[in-house]
Amino acid sequence: MKGDKSPLVVFAEVVDGGKIAPCFFETLHAVQKIAEIYESKVHALILGHNVADIAEDIRHYGIDTIHIADDACLGAYHPEYYLAAFRQAYEQIRPCAVFMGHTLQSIDLAPRMAFDLNAGLLTDCTGIEVDSGEVLFLKPVFSSHILAGYEMKDNPFIVTMRSKSFEPAHRWELKQGTLNIIQVTLHQLQAKVIITDRVMRESAGIKVDDAEIIVAGGRGIGSSEGFKVLADLADTMGAAVGASRPPVDTGWISAESQVGQTGAIVAPAVYFAIGISGAIQHLAGMSQSKKIIAVNKDAEASIFKVADYGAVGVYEEIIPALTQTIKDNLKA
Ligand code: FAD
């Protein structure tokens with residue numbers, strides 16, 4: 001990558017019918033750091049329909065050029081239309097590397113792009129490091145036991161970056177950078193994938209992915225009734241209720257609440273781990289929380305090794321008392 005002056009492109013994923021996915025701003029921040037090291041330009045690429053406002057808005061983030069491919073076929077994610085549009089944009093931009101947030105969409109799209117370009121692909125990167133002037137991309141491997149460093153030797157390459165792994169890019173008062181409209185031709189494409197329906201699942205309460213405070217329970221909670229005790233605590237603080245895997249497997253709480261290697265990756269300001277032992281697969285999803293507060297009846301539980309604060313005892317006594325104390329303080 002060293003010496004290659006072609007731009008670094010950050011893929012700006014459009015979600016919820018017209019917003020940029022929050023992880024774009026985090027990925028952008030990481031890429032701006034990489035661009036400083038290599039003295040590269042940072043470009044953004046938006047694929048979508050009616051995305052002019054979004055493009056204008058991201059001019060506040062210090063991007064050199066924002067490319068826009070706007071087409072009715074790109075109104076919602078479709079793997080073949082998106083791949084075709086990306087390829088056409090790629091031919092014009094000729095980037096040295098493409099960076100994307102690690103999202104459900106990029107999990108599908110990034111390998112297709114890499115195959116199409118015969119490019120290297122590194123997924124779920126959580127950090128960057130500089131070694132002898134080269135950027136190393138860090139990624140947890142072997143159930144997060146090891147943080148491996150990868151150097152991308154050949155250009156172009158594609159990297160997806162885990163959400164909440166980087167601070168979001170700074171929003172500047174002034175707009176800058178140029179907008180470049182890329183004309184894509186998609187209507188002739190004979191798509192093999194037919195999207196028959198899109199289902200948006202409504203979830204009650206605050207989602208763990210968005211929450212600043214998470215009250216998470218594990219097997220130690222014992223029942224769905226026990227989770228109501230946690231929900232009471234969560235309500236007093238405007239927090240989301242999360243869970244380790246066993247409560248989800250046993251049906252005490254819905255799957256969207258699961259945190260960990262096979263659940264959500266979160267990094268809230270405060271994470272309560274209640275009746276959770278601290279298995280590596282759970283830590284993989286929450287160890288980047290700013291403050292971890294553990295409640296466990298076993299003083300030797302591994303969760304206390306990563307916790308900033310801890311209470312040893314049964315949650316049935318500790319949590320209602322904590323909830324009441326918070327309520328009393330809020331009244332005072
Ligand atoms: P346990 O390990 O059984 O711990 C329960 C804890 O509750 C104990 O420490 C106990 O002392 C405490 N306790 C019991 N009663 C009370 C009480 N009354 N008050 C206070 N404390 C009490 N796990 C995840 O969480 N997320 C994942 O995404 C995930 N993905 C996985 C992927 C793979 C491929 C595999 C193999 C496993 C995965 N797991 C995942 C499972 C993981 O290995 C652990 O089994 C799981 O995290 C343990 O959950 P736990 O801590 O709630 O339960």
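Structural remarks
- Entry for the chain at q = 0.07 Å⁻¹: log10 I(q)/I(0) = -0.34, Debye formula applied to identical alpha-carbon scatterers, no solvent contribution.
- Amide hydrogen neighbours beyond the local backbone of Ile274, cut-off 5 Å, H modeled: Ala216, Gly217, Gly218, Val295
- Global form of segment 200-276, assessed from the alpha-carbon gyration tensor, a/c cut-off 1.5: rounded
- Axis of helix 22-38 versus longest Cα principal axis of the chain: the two differ by about 60°, to the nearest ten degrees.
- Ranked packing of 75-87, 177-189, most packed first, by mean Cβ within 10 Å: 75-87, 177-189
- Within straight-line reach of Lys207, meaning a Cα separation under 17 Å, sit the following aspartates and glutamates at least 8 residues removed in sequence or on another chain: Asp16, Asp232, Asp235, Glu256.
- Taking every DSSP helix (H) stretch of at least 4 residues in the chain, weighting each as -39,500 (n - 2.57) and dividing the sum by the residue count yields a mean residue ellipticity at 222 nm of -9000 deg cm²/dmol.
- Overall form of segment 7-128 per C-alpha gyration tensor (a/c, 1.5; a/b vs b/c): rounded
- Beta bridges from DSSP with both residues in the chain: antiparallel share about 20 percent, rounded to the nearest 5.
- Protein accessible area in the chain, 1.4 Å probe - carbon and sulfur %: 52
- Segment 212-332 shape via C-alpha gyration tensor axes, a/c threshold 1.5: rounded
- On a per residue basis, the chain carries 50 Å² of accessible surface, using protein heavy atoms and a 1.4 Å probe.
- Calculated FRET value between Asp210 and Lys5, using beta carbons and R₀ = 30 Å, to 0.05: 0.20
- Contour minus Cα-Cα distance for Glu80 and Gln281 (0.36 nm per residue): 69.0 nm
- Taking Tyr309, Tyr38 and ordering them by how much accessible surface each has at a 1.4 Å probe, largest first, produces Tyr309, Tyr38.
- Interchain or long-range residues, amide H under 5 Å from Leu136's placed H: Glu129, Val130, Asp131
- In terms of the mean number of neighbouring beta-carbon atoms within 10 Å, the peptides 319-326, 58-65 order highest first as 58-65, 319-326.
- The aspartates and glutamates whose alpha-carbon is closer than 18 Å to the alpha-carbon of Lys41, local same-chain residues fewer than 8 away aside, are Asp4, Glu26, Asp64, Glu91, Glu134.
- Of the GluC sites (Glu not before Pro) found in segment 93-185, those that fall in a DSSP loop while having at most 16 other beta-carbon atoms within 10 Å are Glu151, Glu173.
- On Cα atoms only, tilt of 79-93 relative to the major axis of the chain in degrees: 50
- Rounded to the nearest whole Hz, the Karplus-based 3J(HN,Hα) values (6.51 cos²θ - 1.76 cosθ + 1.60, θ = phi - 60°) of segment 125-137 follow the sequence 6, 10, x, 10, 8, 9, 10, 6, x, 10, 7, 9, 9, with x at glycine and proline.
- Protection-proxy order for peptides 227-238, 18-29, 268-279, each taking the mean of Cβ atoms within 10 Å per residue, highest first: 268-279, 18-29, 227-238
- Between Ala97 and Val9, Phe157, the built amide H atoms are under 5 Å apart, and every one of these is 5 or more places off in sequence or on another chain.
The values are calculated or read from the model by the stated rules, or taken from the named source; none is laboratory data. As the structure is a prediction and not an experimental result, all values here were calculated from the model. Here the Cβ is made from the backbone with ideal geometry for all residues, glycine too, and neighbour counts use every protein chain on show. Ligands, DNA and RNA are stripped out before the accessible areas are found, and what is left, the full protein with its side chains, is counted by its heavy atoms. Shrake-Rupley method; radii C 1.70, N 1.55, O 1.52, S 1.80 Å.
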